[in-house]
Amino acid sequence: MGETIIELKKADLTLGSGAASVHVLKQVDLSIEAGESVGIVGPSGSGKSTLLMVMAGLERLDRGEIHIAGAALHRMSEDQVADFRGRNVGIVFQSFHLIPNMTALENVAVPLELANVRDAFAIARRELEAVGLGERLSHHPGQLSGGEQQRVAIARALAPQPRLLIADEPTGNLDADTGRQISDLLFAEQARRGMTLVLVTHDAALAARCRRQVHMRSGEIAGEAEPAASTPGKRVPA
């Protein structure tokens, strides 16, 4: 057994209130080892994206425990969680969340500057070159394709050297070919850096590339599986 980087114990969360409340997570127990790739799958409304946001510290549990890299997030204040997340967790969203009036370089560098990281722009340049965007540093999001925007978002997530990378439908807004390139990039960077990758996806082919799949249904873990044959990530040429 390796080091456990994520551990949830009896994780319980209800969103909304009154008649509009939804019991999203129901007594979820889950452990993920450092360096593992895990795909969280299930039908819409099963709680998989909410589970991912709990791991990222963007949703707080009502009851239960969430430990990330030995830190008890459920015992931290919001400011403490935000500081921990900035140093340990990278997040990639389906819709990129880039700042339109900033260049690719600025989109990656500015969060580092806000975290008082030295040489923020040098780090940002290096990360953009690593995802194949060395020639697009001065381009704004509106001048980039969807795949290029997602590469910027990945570079931004990887720039702080996180131990954990979380991706919520990272290929959901992309065509099939571009989606495969982004998948290759995610798995290549996970292997190169030795970090943990946890992703939510409706794409069966993407989920099958993970070392393990966690199936959710109605807020509960319905089962887990290791694919019979997974496809190792391949580096995308710059």
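Things worth noting here:
- Prolate/oblate/rounded label for the range 91-134 (Cα gyration tensor, a/c 1.5): oblate
- The coefficient of translational diffusion for the chain, derived via Stokes-Einstein from the alpha carbon Kirkwood radius under 4 °C and 1.567 mPa s, stands at 71 µm²/s.
- Lys pairs, the chain - Cα-Cα below 21 angstrom, 8 or more residues apart or on other chains: 5
- Based on alpha carbons, the Rg and Dmax found for the range 74-189 are 13.9, 44 Å.
- Solvent-accessible surface ranking, highest first, for 218, 49 at 1.4 angstrom: 218, 49
- Note on the range 19-90: Cα-Cα pairs beyond 20 Å make up 33% of the total pair count.
- Ordering of 121-131, 154-164, 171-181 by packing [mean C-beta count within 10 Å, highest first]: 154-164, 121-131, 171-181
- Taking the range 1-68 and dividing mean pair separation by its residue count, relative contact order in percent (alpha carbons under 8 Å, at least six apart): 44
- Relative contact order %, the range 104-227, counting alpha carbon pairs below 8 Å whose residues are six or more apart: 19
- Pairs of Cα atoms nearer than 8 Å and 6+ residues apart set the relative contact order; for the chain it is 26 percent.
- Accessible carbon and sulfur surface of the chain relative to its total accessible area, %, 1.4 Å: 48
The values are calculated or read from the model by the stated rules, or taken from the named source; none is laboratory data. Worth saying up front: this structure is predicted, and the values here are computed from it rather than measured. Note: ideal-geometry Cβ built from the backbone for every residue, glycine included; neighbour counts use all protein chains shown. Quick note on the areas: whole protein, heavy atoms, side chains included, nothing else; ligands and nucleic acids left out. Shrake-Rupley method; radii C 1.70, N 1.55, O 1.52, S 1.80 Å.
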